[in-house]
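The values are calculated or read from the model by the stated rules, or taken from the named source; none is laboratory data. Remember, predicted model here, so these are calculated numbers, not experimental data. Here the Cβ positions follow ideal geometry from the backbone for every residue, glycine too, while neighbour counts run over all protein chains shown.
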Amino acid sequence: MIKAVSTPNIALIKYWGNRDERLRLPAADSLSMTLDAPSVEVSMEEAGLFSLSSFEADGSEKKLNAEQIERCATHLKLMDIELGRLGHAVTRNSVKIVIRSHIPAGIGLASSAAVFSAIAKAYSAIRAPSLADADVSGLARLGSGSAARSIFGGFAALWTKTGNAEQIADEKHWRLHDVVLVPSATHKKVGSTEGHASAHTSPLFEDRLKEIPRRMEECMNAISRKDFEKLQRVSEEDALDMHAVMRAQTPSLDYLNDDTHRILKEIESLRTSEHLEVLYTMDAGPTVHLICTDAALSRIKAYAETQKACTVFTTSIGNGSRLI
Ligand code: DP6
């Protein structure tokens, strides 16, 4: 029995849109920070037939629908094809998978990056134990694009050219935190898989693709120099641009709500008046991630506690997926 554990990541340069939907090959590069919590644990063993069960943070069994089971079965098939391509022996056996999520429901952190990176980590340990992490990240991407980045700790880039992720700096390089604010009226209408597929219908999408190489460069530079102001400028520019692209898609996707917009305004004025190192970013939902330095953490947590309409969850930079 193999056990792997993994965590979500939060993108600073967002992944939005694919150049190959089935293989989840992103249309552009992206860059994220891996979080140290909450975790997802995957147990896996060889079995004649594929089986999948999943348990929630409170220990109760999660009823999986046909689509979720199919997504996992497809992931295994795609991983087999990729492992064959990488020169690893193909087997007829399947696997039995048990997922234990420690991600509390409704905290606005999607579990897919953590789940599919843990599955790829465990599956490669069974099928191809010598596989390099870059290739393991390529396997994770076949389940969920952003999962490729959770294979690595610290900061990781997912390159469209290779389809693999790469570590930019490890978790000890810069201790940043993510104070997650989840507006209670959270309702995710369209999931990211569906959203990616219509990204190209946005008239703003082509311009976004042109801007990404410069933003990646600036983001990597800001991380290597620990230049928070630069990181803030480029990541907020990218997050707002992704949401503009989403709104201009057909059908239009407007994930942000009034609480999101209010929090962004309050954070902008708080960081100016108190000179705080804090930046905001949002994924495919109204949840606001406030990424901040050690120096700003207590003030940002205090601000978050005043947000009675939100669930608050605090997490820090983490070390990526691993076998346990
Ligand atoms: C907005 O990785 O969730 O969070 O491959 O369909 O699972 P799937 O998509 P996913 O897309 C993430 C989109 C995002 C931005 C990001 O994390 O980079």
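Details
- Any chance Ser130 is among the hydroxyl-bearing types (Ser, Thr, Tyr), more than 16 Å from Leu52 (Cα to Cα) and free of Cβ contacts under 8 Å to residues at least 40 places away in the same chain: yes
- Tally, over segment 155-180, of residues that are within 30 Å of Ala302 (Cα to Cα) and within 16 Å of the ligand (Cβ to nearest atom): 4
- Against the test of being at pLDDT 95 or above, hydroxyl-bearing (Ser, Thr, Tyr) and within 16 Å of the ligand (Cβ to nearest atom), the options Ser6, Ser39, Ser53 yield a single qualifying residue, Ser6.
- Tally of residues being under 16 Å from Ser235 (Cα atoms) and in contact with a helix residue (DSSP H, G or I) (Cβ under 7 Å, 6 or more places away or on another chain) across segment 278-296: 10
- Of the residues making up segment 121-153, those that are among the small types (Gly, Ala, Ser) and within 16 Å of the ligand (Cβ to nearest atom) are Ser137, Gly138, Ala140, Gly143, Ser144, Gly145, Ser146, Ala147, Ala148, Ser150.
- Strands (runs of 3 or more DSSP E) completely within segment 1-50 that count 1 or more residues being under 29 Å from Val179 (Cβ atoms): 2-6, 9-13, 30-34, 40-47
- Residue list for segment 115-140, restricted to those being within 19 Å of Trp16 (Cβ to Cβ) and out of contact with any strand residue (DSSP E or B) (no Cβ under 7 Å at 6 or more places or on another chain): Phe116, Ala140
- Odd one out for Ala148, checked against (1) crowded, with 18+ Cβ neighbours inside 10 Å; (2) in contact (Cβ under 8 Å) with a residue 60 or more places away in the chain: (2)
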